[in-house]
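Presented below is the structure to which this report refers.
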Amino acid sequence: MDTVPEEMNDWSEMEGFTQESELRGGDGLQQNTQPNFDILSVVCNSEKDAYDIYCRYAHSVGFSVCKDHHCYWPNSRKIRMKDFVCSKAGFKKGLDLNAKSKYRKVNTRTGCPSMIRFSVDQDGEWKVNKCVENHNHELARPEDQHLLRSCRNITEERAFVFKSMTDAGIRTIDAFTYLADEVGGREYVGFLRRDAYNFVQRNRRCKIETGDTNSLIEIFKNRANNDNMFV
């Protein structure tokens, strides 16, 4: 039986987390042999909890997670079943060689079979229905696991600090370096420098759009006050 690393011991303290029987599936391909938490022995109470727990498991193993298919209970919008898969699952659709494009993304999909399926009862309890733990590609090394896409997230606390610093005129790279120094290195920040720049650009676009909307509303108000025929 796999041992649980010390950093994973707090998983059972997550909201909606209880122990349950083990379910496993999949063979014929190279299987991860790194020590990791037995993700298949948990029950949770929401899609977010299921996704977060599986992501933490996946990152400890060395792969990224994507949300996949789901289905609902009849005559309802309640989820009955939900799949989460490896980010290398499936294959990219055939490229249109005649289509004009400035650049083409590298195809990193390998048809990886690794996945987990949760079934949800009417009371909203999420249980593992099926799991395939095998991968047909190399897993990320421990020193590279912070680069995994589903591992990167700007928390509300760090977003507030980051936004305050950039709004004060501090350069994005300097704000990112400050946060990295505070947590002991870039690998512990939780996101990449590229994510930081994207975050700043989104905030700027939001301000511009909000400003344009407010300006348009003021124009309409003034027009309505000055022109009785304007509705």
Considering the zone a paramagnetic label at Lys92 would reach in this model (a point 7 Å from Cα along the Cα-to-Cβ line), which residues of the range 109-152 have amide N under 11 Å from it?
-> 109-110
What full-extension length gain, to one decimal in nm, is calculated for Val106 and Asn225 as 0.36 nm per residue of separation minus the Cα-Cα distance?
-> 37.2 nm
Prolate/oblate/rounded label for the range 101-163 (Cα gyration tensor, a/c 1.5) = oblate
What is the gain in length, in nm to one decimal, between Met81 and Arg204 on full extension, counting 0.36 nm per residue of separation less the C-alpha to C-alpha distance?
-> 40.5 nm
Starting from the Cα-Cα distance between Ser46 and Asp181, subtract it from 0.36 nm times their residue separation and give me the gain in nm to one decimal.
-> 45.1 nm
Using 7 Å Cα-to-Cβ label points, what is the His69/Asn153 separation (nm, one decimal)?
-> 2.6 nm
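Could you compute the FRET efficiency for Asp144 and Asp174, with r as their C-beta to C-beta distance and R0 at 25 Å, rounded to 0.05?
0.50
Coordinate-derived values only; no laboratory data. None of the values given here were measured: they were computed from a predicted structure. No Cβ is skipped: glycine too gets one built from the backbone with ideal geometry, and neighbour counts run over all protein chains shown.
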